[in-house]
1. Just to confirm a number: summing +1 for Lys and Arg and -1 for Asp and Glu over residues other than H264 whose beta-carbon lies under 15 angstrom from that of H264, what do you get?
2. If the elastic network links every pair of Cα atoms under 10 Å, which of F175, F122, F235 fluctuates the most in the Gaussian network model of the chain?
3. Taking the Cα atoms only, what angle lies between the long axis of helix 112-121 and the longest principal axis of the chain, rounded to 10 degrees?
4. Which aspartates and glutamates does K286 reach when only Cα atoms under 17 Å apart count, and residues fewer than 8 places away in its own chain are ignored?
5. Might you report the magnitude of the Cβ-based charge dipole of the chain about its Cα centre, with Lys and Arg at +1 and Asp and Glu at -1, to the nearest 20 debye?
6. Just check region 141-292 against the gyration tensor rule for me: Cα atoms, a ≥ b ≥ c as the square roots of the eigenvalues, rounded for a/c under 1.5, and otherwise prolate or oblate depending on whether a/b exceeds b/c.
7. For the chain, list log₁₀ I(q)/I(0) at each q in 0.17 Å⁻¹, using the Debye formula over Cα point scatterers of equal strength and ignoring solvent, two decimals each.
8. Defining a contact as two alpha carbons under 8 Å apart and six or more residues distant in sequence, what relative contact order in percent does region 1-96 show?
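What follows is calculated from the coordinates using simple rules that are stated; it is not laboratory data. Just so it is clear, the model here is predicted, and its values are computed rather than measured. Cβ atoms come from the backbone with ideal geometry, glycine included; neighbour counts cover every protein chain shown.
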Amino acid sequence: VIPGWFSEISPMWPGEAHSLKVEKILFQGKSDYQDVIVFQSATYGKVLVLDGVIQLTERDECAYQEMITHLPLCSIPNPKKVLVIGGGDGGVLREVARHTSVEQIDICEIDKMVVDVSKQYFPNVAVGYDDPRVNLIIGDGVAFLKNAAEGTYDAVIVDSSDPIGPAKELFEKPFFESVNRALRPGGVVCTQAESIWLHMNIIEDIVSNCREIFKGSVNYAWTSVPTYPSGVIGFMLCSTEGLEVDFKKPVNPIDADESSIKSHGPLKFYNSEIHSAAFCLPSFAKKVIDSK
Ligand SMILES: NCCCN[C@H]1CC[C@H](N)CC1
């Protein structure tokens, strides 16, 4: 390792590694599930790393948290009950809390160390936990959904790490089936769905599983996050049988919502135009995704 640089090396992106200049290591620990590091970078603010993989940086976390939250929640008219699987840093909670129609926000995060570290080092991300509608469950999202009552949620957001390590099962068919069961008719799910530049094979499997399970719409969206591998990250947007959902047309705009801006400040990344644009795919990805 070059002194003072962190490189994100992983078999999930062979032959390449994004590097960030390190000013100071702020935290190093090992939870029951993964290695946890927080460091102060030279140009991206503080950085959270799990098992050597960048999860978020203060400078660009807005892109991921806003898109993974508002792509589903702005696609249905009146989200009330929302479930977050993963997302222990609290950033998705912060974004869900912008929606005044939401009455209940359940979050199931497997690793308590991620929650504690985020509250200590990323207060502007963990601020999401301050909302009174939030119920935190420390546990395995797979088990949580198996026990969830049928048709409970309007939306499920799966803010996971990669399918190597604790999040592996969140990319498999039984999990998607339990999500479908826990959603109401016309309910929506949004999952972290890797990179079209690096993981077309993983995406192909996810899309075909989702097409089998979710009988509403199934769409892949993507956006730019400079510190994620290949600089992009994707999302699977699926709706259950019942009320038709057109993910490409936001019916519940948040970007000009005064109450959201008053309570949480302006959105830094998401807006209604980038919502629709996120579903436009390059031909190499469209060929695979639309053919499944
Ligand atoms: N809430 C933190 C974001 C988790 N998502 C990341 C997407 C890119 C992956 N390589 C690592 C996890």
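1. My count for the surroundings of H264 gives -3.
2. Taking springs between Cα atoms under 10 Å, the residue moving most is F175.
3. It is inclined by approximately 70 degrees.
4. Qualifying aspartates and glutamates at Cα under 17 Å: E194, E204, D205.
5. The calculation lands at about 260 debye.
6. Since a/c stays below 1.5, the shape of region 141-292 is classed as rounded.
7. -1.55
8. For region 1-96, the relative contact order is 16 percent.
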